[in-house]
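Down below is the structure, laid out as structure tokens.
The values are calculated or read from the model by the stated rules, or taken from the named source; none is laboratory data. What you see is a predicted model, and the numbers here were worked out from it, not measured in a lab. Glycine also receives a Cβ, built like all others from the backbone with ideal geometry; neighbour counts cover every protein chain displayed. Side chains included, ligands, DNA and RNA excluded: accessible areas come from the protein's heavy atoms. Shrake-Rupley method; radii C 1.70, N 1.55, O 1.52, S 1.80 Å.
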Amino acid sequence: MPPHPSYCTRPWMLRLLLIVLPLFLTSCSYMGMLAVQKDYARQQRVSPEQRIYKHMLDHETCIVLGKISAGTARVSREATAVIAVSDRFRNSEVVDINHSARPGSYYSLNLPAGNYRLLVVSDLDGDGYYDETEIVGSRALALARSTAGDGVLSQYDISLDGPGVPAAGKFRMSARKTSRDMRSLFYPDGSIRPLSDPLFSPEMAVLGMYEPAAFLEQAPGMFYALEEDHFYKIPVIFIHGIEGSARGFSDIAAALDRTRFKPLFFHYPSGADLNQLSAAFYNIFLSGKFFRSEAPMAIVAHSMGGLVAREALNLRTGASGENRVQKLITIGSSMGGMAAARRSEKTQIAVPAWRDIIPESPFIEGLHRKPLPADMQYHLLFTYGDPRRIKWGDNGDGVVPLASQLDARAQQEASAQLGFNDTHMGVLKNRAAIAEIIRIVGEIQSPYPEPYLRELAKGGYQVELGPHYTPLEKFYIRNMGFFMDALASGELAPLQSTQQHFVATLRGEASPRGEMETAWMKFIHEYPDRRTPFQYAAGETGARTGH
């Protein structure tokens, strides 16, 4: 991995960056970035490597997204990865790797232009390394600058059908074993983390600002959750701002009713190209291809995150499979761009995001080119308080001027506007602002009737389940057991085809299909006081035991 600078952070870094850029140019962060970028250029002249190009800010990269689909190859559940191999400068140079890959989930890679073979590798012999003999799936990739106009190549799936045509030469690299607490049933491994996790630290936020590629090597998925997926809960997706982190939303996420809502986080390198980040957000959260939500969603975006959210909504096609956004909330967002960022054009090396937030940039000029979805409400929350009473050409929150937050185009499409007398970052802990956000999100209605939600909120049976239960079967019994019991007893009528098939299976009219059904069949066999609705009809009453 290329060397990373030891950036020194300062409490007013964001202000210095966006408002007083001339002072920022002499800061250790900028000088550190400049030194590292010069070193990359020197390395490419002396001993070029394809992987160095993705770290050079004056070179474009592409985010490649896809799923690892089922196949015939055997894989290790503890150590499987997707690697991108190039033969441009030497045989089998590993340019990028995604350690969180697993069958049935999505992967992501960050690559410069070039020809690659994408390899799914698995530590089959358990020696702690991947090599050319452990390829369980592969696909060729010719990545030109025009491959993806927005910098994202999506739905590039890889099947687990064996090595195919391996890359030339040998390779050997350390495998990163996935611990049990990092595994997920529904999301990429490593996606479920507390907000106290080091991945959301200030150091990572700074790294994402100045070395986006290095950030993506450590956090490639950009999708994070606090718990396993519960299909009936309403997603609330949080998008942080420039040099920000998912951790900044801790107070708001803690205030959510977790029986009805599930917080999700787009944790991304904030120095990257905003068109690329917006496209990545759309593909991961809105397209319905990698994350599917039956319930309508809310997006809560702070600062530059509001720009990412707004551009992602421009990418919606109206296809039936797209997820529906019912509420968009932006907080202190520079919807009109930042005039101070114009000075970034005069720097030796500019972070891509700086160029995008210039008011006259193509990104800002096109941000409102399409209307918001007609069935979505946009709540524009602005901030104007600064206890130091510092004004940099405008009375704002100390970072983003009011003129940008209240851009006329944003006001015209807003359903409601509300201001808070607080600073740019202080608003995320402001009790009144948090209460307003919770109120807005709370207006979203679940597609499930209230009796279903009450039953689902009760959870399931906390009983001993043996090794003959799969992890997913255990999840269903322990998290949805009471809901399945209500379907089985006839307390709740099935609403969907999967629930109808569940009931048909209990009647003996269909064979078990899926692990929800196989889990329940095993469970009622081991706990005979659980009764099917047809035994209930004989006059017996099943008491809910074991909880």
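Structure summary
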{"item": "Residue check for Ser76: modelled with pLDDT of 75 or more, closer than 25 Å to Ala219 by Cβ, in contact with a Ser or Thr (Cβ under 7 Å, 6 or more places away or on another chain) and exposed (fewer than 15 other Cβ atoms within 10 Å of the Cβ)", "result": "no"}
{"item": "Members of region 324-344 found to be among the small types (Gly, Ala, Ser) and either outside any helix (DSSP H, G or I) or within 21 Å of Leu428 (Cα to Cα) (or both), listed by number", "result": "Gly332, Ser333, Ser334, Gly336, Gly337"}
{"item": "Ser92 vs. criteria modelled with pLDDT under 90, on the phi > 0 side of the Ramachandran plot, open to solvent by less than 40 Å² (accessible area, probe 1.4 Å) and not acidic (Asp, Glu)", "result": "yes"}
{"item": "Hey, Ser250 polar (S, T, N, Q) and either within 13 Å of Val441 (Cβ to Cβ) or open to solvent by 20 Å² or more (accessible area, probe 1.4 Å) (or both) or not", "result": "yes"}
{"item": "Of all residues making up region 429-474, the number that are over 20 Å from Leu495 (Cβ atoms) and of a type in the set (Lys, Arg)", "result": "4"}
{"item": "Subset of region 279-300 (residues that are open to solvent by less than 10 Å² (accessible area, probe 1.4 Å), part of a helix (DSSP H, G or I) and farther than 17 Å from Ser191 by Cα)", "result": "Ala279, Leu286"}
{"item": "Conditions (1) open to solvent by less than 40 Å² (accessible area, probe 1.4 Å); (2) farther than 30 Å from Leu367 by Cα; (3) hydrophobic (A, V, I, L, M, F, W, C); number of the one not met by Ala142", "result": "(1)"}
{"item": "Condition check for Phe482: at pLDDT below 95 and in a helix (DSSP H, G or I)", "result": "yes"}
{"item": "Test: residue in region 301-311 that is surrounded by fewer than 21 Cβ atoms within 10 Å (Cβ to Cβ) and either modelled with pLDDT under 95 or not aliphatic (A, V, I, L, M) (or both)", "result": "no"}
{"item": "Filter pass, Leu453 being open to solvent by 20 Å² or more (accessible area, probe 1.4 Å), more than 30 Å from Ser333 (Cβ to Cβ) and within 27 Å of the chain's Cα centre (by Cα)", "result": "no"}
{"item": "Count of residues meeting criterion [open to solvent by 10 Å² or more (accessible area, probe 1.4 Å), in contact (Cβ under 8 Å) with a residue 60 or more places away in the chain and part of a helix (DSSP H, G or I)] in region 206-224", "result": "4"}
{"item": "Those residues of region 166-205 which are assigned to a helix (DSSP H, G or I), among the aliphatic types (A, V, I, L, M) and open to solvent by 30 Å² or more (accessible area, probe 1.4 Å), in sequence order", "result": "Met182"}
{"item": "Filtered residues of region 50-66 (kept if out of contact with any Lys or Arg (no Cβ under 8 Å at 6 or more places or on another chain) and either farther than 30 Å from Asp39 by Cα or of a type in the set (S, T, N, Q) (or both))", "result": "Gly66"}
{"item": "Subset of region 147-184 (residues that are more than 21 Å from Val85 (Cβ to Cβ), at pLDDT below 85 and polar (S, T, N, Q))", "result": "Thr178, Ser179"}
{"item": "Count - residues of region 525-536 that are closer than 17 Å to Ser489 by Cα and either at pLDDT 90 or above or out of contact with any helix residue (DSSP H, G or I) (no Cβ under 8 Å at 6 or more places or on another chain) (or both)", "result": "5"}
{"item": "Enumeration of residues in region 206-231 that are of a type outside the set (D, E, K, R), more than 15 Å from the chain's Cα centre (by Cα) and more than 22 Å from Arg258 (Cβ to Cβ)", "result": "Val206, Leu207, Met209, Tyr210, Pro212, Ala213, Ala214"}
{"item": "Tally, over region 345-357, of residues that are modelled with pLDDT of 85 or more, in a loop (DSSP other than H, G, I, E, B) and open to solvent by 10 Å² or more (accessible area, probe 1.4 Å)", "result": "0"}
{"item": "Every pair of residues 6+ apart whose Cβ atoms lie under 7 Å, when the first sits in region 173-201 and is of a type in the set (Lys, Arg) while the second is surrounded by fewer than 20 Cβ atoms within 10 Å (Cβ to Cβ) and in a helix (DSSP H, G or I)", "result": "Arg193/Leu199"}
{"item": "Pick from region 407-426, criterion outside any helix (DSSP H, G or I) and in contact (Cβ under 8 Å) with a residue 40 or more places away in the chain, ranking: nearest to Ala255 (Cα to Cα)", "result": "Met425"}
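Quick grid of which residues meet (1) in a helix (DSSP H, G or I); (2) farther than 13 Å from Lys522 by Cα; (3) not β-branched (Val, Ile, Thr):
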position: Leu428; (1), (2), (3): yes, yes, yes
position: Glu436; (1), (2), (3): yes, yes, yes
position: Val441; (1), (2), (3): yes, yes, no
position: Gly460; (1), (2), (3): no, yes, yes
position: Lys474; (1), (2), (3): yes, no, yes
position: Arg478; (1), (2), (3): yes, yes, yes
position: Ala486; (1), (2), (3): yes, yes, yes
